[in-house]
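The values are calculated or read from the model by the stated rules, or taken from the named source; none is laboratory data. Everything numeric in this text was worked out from a predicted model, so none of it was measured. Here the Cβ positions follow ideal geometry from the backbone for every residue, glycine too, while neighbour counts run over all protein chains shown.
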Amino acid sequence: MNKKLIFLDIDGTLTTPGSNEPPASALEAIKKAQAKGHKVFLCTGRNLAMLSPLLKFGFDGVVASAGGYVTVDDKVIFDMPMTEEEARTALETLHKGGVFCTIESKDRTWGDEDLGAFLDSSAGGKGNSEIERWRKALASSLDIHPMSEYDGRPIYKVVIMCLTDDQLQPARDALEDKYNFCIQEITDPAHPCLNGELINRGFDKGRGILKICEYLNIPVEDTIGFGDSMNDLEMITTVGTSVCMANGAAKLKELSDIVCPSVEEDGLAIEFEALDLI
């Protein structure tokens, strides 16, 4: 069997949303796959700071910030933050529409001061792995600083949360030519919170994967990607074999080659074995 490059989303895939502790079964499967010569990477919307608690488990690199920051082992092979003007325009236009925002540098995250109250309200969408991640991150004070303390560090990504798509229109008018508005699927109509990310059209998870393939001289056909939400779309449509978790978005399941059991049901370990990775 050819050696594979395996790419894992975190929230809702490797861990339950907002957690930094993968199931023991997943960690065992990852170690066994690496022992067979496969390489395993995190492929996530999280920035380096928010994924760093997982690095102790010995991954072979990361596609972080939705593809804006990519490493193989300890070597940075791609690094593309927003320009200062684009970051400023994004925040000004999003706030004009009443959109709640967090902004992410490589090593720190800042959020609107009233974001926690919004997420705790009935509007805060349930069953969405990304919203659950933010809710838990805020509750545990996971190094999210008030927006008023932003110190000018380069920003890679803006996370957005609001009630209606109309609120995003000012930002779309200003930035959609350069930025993809990746909006998550609403899974609970009783909690119609829209959330998503502004991601530079110059990168995405899929292109981060291709950069690692090129760097390691591995054909993309020998890649496997595991995800659960629509911010995994480019990963799922790039890899040679795509896997969506049973807890994932309906649209992503339709586009994936395989649907495996949920993260709570040891899905990674089960599918690693089914794919003969361990």
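Quickly run through the range 233-259 and pick out the residues that are more than 19 Å from the chain's Cα centre (by Cα) and within 14 Å of THR13 (Cα to Cα).
ILE258
Would you say GLU176 is among the charged types (D, E, K, R), over 25 Å from GLU104 (Cα atoms) and surrounded by fewer than 17 Cβ atoms within 10 Å (Cβ to Cβ)?
Numbers: among the charged types (D, E, K, R): yes; over 25 Å from GLU104 (Cα atoms): no; surrounded by fewer than 17 Cβ atoms within 10 Å (Cβ to Cβ): yes.
No: the conditions fail for GLU176.
Output the number of residues of the range 246-271 satisfying the condition of being part of a loop (DSSP other than H, G, I, E, B) and surrounded by 15 or more Cβ atoms within 10 Å (Cβ to Cβ).
Residues that pass the stated criteria total 7.
Yes or no: THR102 in a helix (DSSP H, G or I), of a type in the set (Ser, Thr, Tyr) and assigned by TED's automatic domain parsing to the domain that holds TYR156?
No.
Residues that are among the hydrophobic types (A, V, I, L, M, F, W, C) and touching an Asp or Glu at 6+ places or on another chain (Cβ under 6 Å): does the range 49-65 have at least one?
Taking every residue of the range 49-65 in turn, at least one turns out to be among the hydrophobic types (A, V, I, L, M, F, W, C) and touching an Asp or Glu at 6+ places or on another chain (Cβ under 6 Å).
Answer yes or no as to whether MET82 is at pLDDT below 95, under 18 Å from ARG207 (Cβ atoms), crowded, with 22+ Cβ neighbours inside 10 Å and not charged (D, E, K, R).
yes
Every residue, every condition in (1) small (Gly, Ala, Ser); (2) under 14 Å from the mean Cα position of the chain (by Cα), yes or no:
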position	(1), (2)
THR13	no, yes
GLU21	no, no
ALA24	yes, no
GLU92	no, no
VAL99	no, no
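How many residues, within the range 130-154, are part of a loop (DSSP other than H, G, I, E, B) and at pLDDT below 90?
Qualifying residue count for the region: 4.
Scan (1) in a helix (DSSP H, G or I); (2) touching a residue at least 12 places away in the same chain (Cβ under 8 Å) for the single condition GLU85 breaks and write down its number.
All conditions pass for GLU85, except number (2).
In the range 37-50, how many are over 19 Å from PHE203 (Cα atoms) and either touching a strand residue (DSSP E or B) at 6+ places or on another chain (Cβ under 6 Å) or of a type outside the set (A, V, I, L, M) (or both)?
Counting residues in the range 37-50 that are over 19 Å from PHE203 (Cα atoms) and either touching a strand residue (DSSP E or B) at 6+ places or on another chain (Cβ under 6 Å) or of a type outside the set (A, V, I, L, M) (or both) gives 4.
Could you tell me which residue of the range 51-65 is modelled with the lowest pLDDT, considering only residues that are closer than 21 Å to ARG207 by Cβ, out of contact with any helix residue (DSSP H, G or I) (no Cβ under 6 Å at 6 or more places or on another chain) and among the hydrophobic types (A, V, I, L, M, F, W, C)?
Of everything passing the filter in the range 51-65, LEU51 is modelled with the lowest pLDDT.
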